[in-house]
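Asker: Quick one: the structure is below, questions incoming.
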Amino acid sequence: MMTDDGHEDLHRTMGPVYSLEVSGASAGPTCAQHGEFCFLCNFSASEDQDDPWSDIIDVIGALAEENKEIATIVKIVHQNYEQNVRPTLSYTDAAAGITIEHPEWSKDAIRRHIVFTSTQWPSLFSNVCENIFVSMIALQSKHVKDMDTEDVDEERRKALVDTMMKYSQFQRNRASTFHLSKNTKQASSRI
Ligand SMILES: [Zn+2]
């Protein structure tokens, strides 16, 4: 919004075009920037036949491969943790000198881990960027025409076309990146 004297109003309340927040505001995107418990950060794979950590990694990997939305993946991982892991889990925070029985792994914490903390599933962050582009284009395209005069607003048209062109570039880069990363994954899994 512009003020009467033509300057941009710096006191606007701005919001996300594609929200990843399950609830509340966050201090930063990764697990380390939050005090919340994260199962994947605080535990690791075990040799046991029953290895819930690896099971959850496999679930996320399979869903990422299917290009499921982040919200869907978070919901499924949360259900899996609640049913199969939390009831028998005990977590000792050595720094704080406390043990927490059945720690809560919130949906916010799961989302932070899979999208921003782990680099294991780069396609998930790429999906977020994709959704930002799509949401931005949908939003910008709603406000291009002057409804009284029926004229196309030149400035808004340029902004919309610019986003569409950047989106097209992003898609091309994404296609080549994920072609490369699939090869990398296959090569490293043979080692
Ligand atoms: Zn984490």
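Read-outs: derived from the displayed coordinates by stated rules, not from any lab. Owing to the predicted nature of the structure, the values given are computational and were not obtained by experimental measurement. Heads up, the Cβs are rebuilt from the backbone with ideal geometry, glycines too, and the neighbour counts pull from every protein chain shown.
Asker: Let me confirm the definition first: pairs of Lys residues in region 86-172, 8 or more apart or on different chains, C-alpha distance under 29 Å. How many are there?
Answerer: Taking region 86-172 as the scope, the lysine pair count is 5.
Asker: Let me ask something else. Based on the Cβ-Cβ distance from Q83 to A45, what FRET efficiency comes out when R0 is 25 Å, to the nearest 0.05?
Answerer: On the way: r = 20 Å, r/R0 = 0.79.
After rounding, the FRET efficiency stands at 0.80.
Asker: Next up: Under a crude label model (7 Å from the Cα following the beta-carbon direction), how far is T13 from D148 in nanometres?
Answerer: 2.8 nm
Asker: In nm, give the distance between the simple-model label positions of W53 and E65, each being 7 Å from the Cα along the Cα-to-Cβ direction.
Answerer: In this crude label model, W53 to E65 measures out at 2.2 nm.
Asker: Amide H neighbours of I100 under 5 Å, at least 5 residues apart or on other chains, H built in the peptide plane: list them.
Answerer: It is Y91, T92, D93, by chain and number.
Asker: Over the Cα atoms of region 29-120, compute the convex hull volume and normalise it per residue, giving Å³.
Answerer: Here the figure is 102 Å³ per residue.
Asker: Another question about this same structure. Once Rh for region 112-167 is found with the Kirkwood sum over Cα pairs, what is the Stokes-Einstein diffusion coefficient at 37 °C and 0.692 mPa s, in µm²/s?
Answerer: In µm²/s, the coefficient is 252.
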